[in-house]
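Please read the structure below before turning to the comments.
Read-outs throughout are calculated quantities, based only on the coordinates presented, and are distinct from any laboratory measurement. Keep in mind it's a predicted model, so treat the numbers as computed, not measured. When we count neighbours, we look across all protein chains shown, and the Cβ atoms used for this are built from the backbone with ideal geometry, even at glycine.
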Amino acid sequence: MLLRRVATCLTVLLVILVAAFLPAHAGSASLPATVVRVVDGDTLVVQVEGRQETVRLIGVDTPETVHPTIGAQPGGPEASAFTKHLLPAGTRVTLELDVQQRDRYGRLLAYVYLPDGRMLNAELLRAGLAHLLTIPPNVRYVDLFVRLQREAREAGRGLWGEVAPAIAGGGGLIVSVDLAGEEVVLVNDGDGPVDLSGWVLVSVAGNQRFTFPAGTVLEPGARLVVRSGPSASPGPGVLIWTSANVWNNQGDPAELRDASGRLVARYP
């Protein structure tokens, strides 16, 4: 009998301890928060549940403004100003969480809602100030985001005023080229998958070419990175071009051509 009582007490104590150390928002899809400051277009600091949290917007990626090595990219200051205009310090917002709540840097991942109910993530895409960045399992609004990016691109808004239109149906667009970092990012903002088998990515300045291997398929909303250079490392959604440097840091347009040689996209 004594052992049973001890076991029961230990069980109750364990439940109390577990409950005490669970996050206050566990099991909750949304959190009220107050904006402390905006870091850049897709990152902000908020006060939530008595502590400060750095929040990274889900599903979107704005050009860099404060990166320690890349510096300010074209469109970055505009995206940052856009977010700062919508979210001055002290603004009350709602954070909607998805399946994965934090990234590898410990930042809270969220859809951020303005006081008037608009979603900041969606507004950045609508204005053409962000690129689609789909990272499973956080894909709750991927269909909406794909549509908003396509509409912004077709209208030539923001960043898309600098990028050549894709072939009919969209898909396979080059959204950024980091010359110094030897990295090219492609996103499929079309309605269906794009088979990149035999397509060619071209470094125009040096006329160097990378042919996508057979079976390379870019799903709607998906992101694909092509890396080169001595420090190029593989990973999910990453293809390695070569261990040699490819891109001319003084200026080097990138072209994407389909298997028949037709120009699909050019950046910038």
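Under 15 Å from the Cβ of Ala232, count the other residues' Cβ atoms, weight Lys and Arg +1, Asp and Glu -1, and hand me the total.
Within the 15 Å Cβ shell, the charges total -2.
In a shell of Cβ-Cβ distance under 12 Å around Pro32, excluding Pro32 itself, what net charge do Lys and Arg (+1) and Asp and Glu (-1) give?
-1
To two decimal places, what compactness ratio does segment 165-267 give when its Cα radius of gyration is scaled by 2.2 N^0.38 Å?
0.99
How much net charge surrounds Val204 when only other residues with a Cβ under 9 Å from its Cβ are counted (Lys, Arg +1; Asp, Glu -1)?
Around Val204, the charge tally is -1.
What is the Cα centroid distance between segment 226-268 and segment 95-117, reported in whole angstrom?
31
Going by amide H atoms built from the backbone, whose H comes under 5 Å of the H on Gly41, apart from near neighbours?
Ser80
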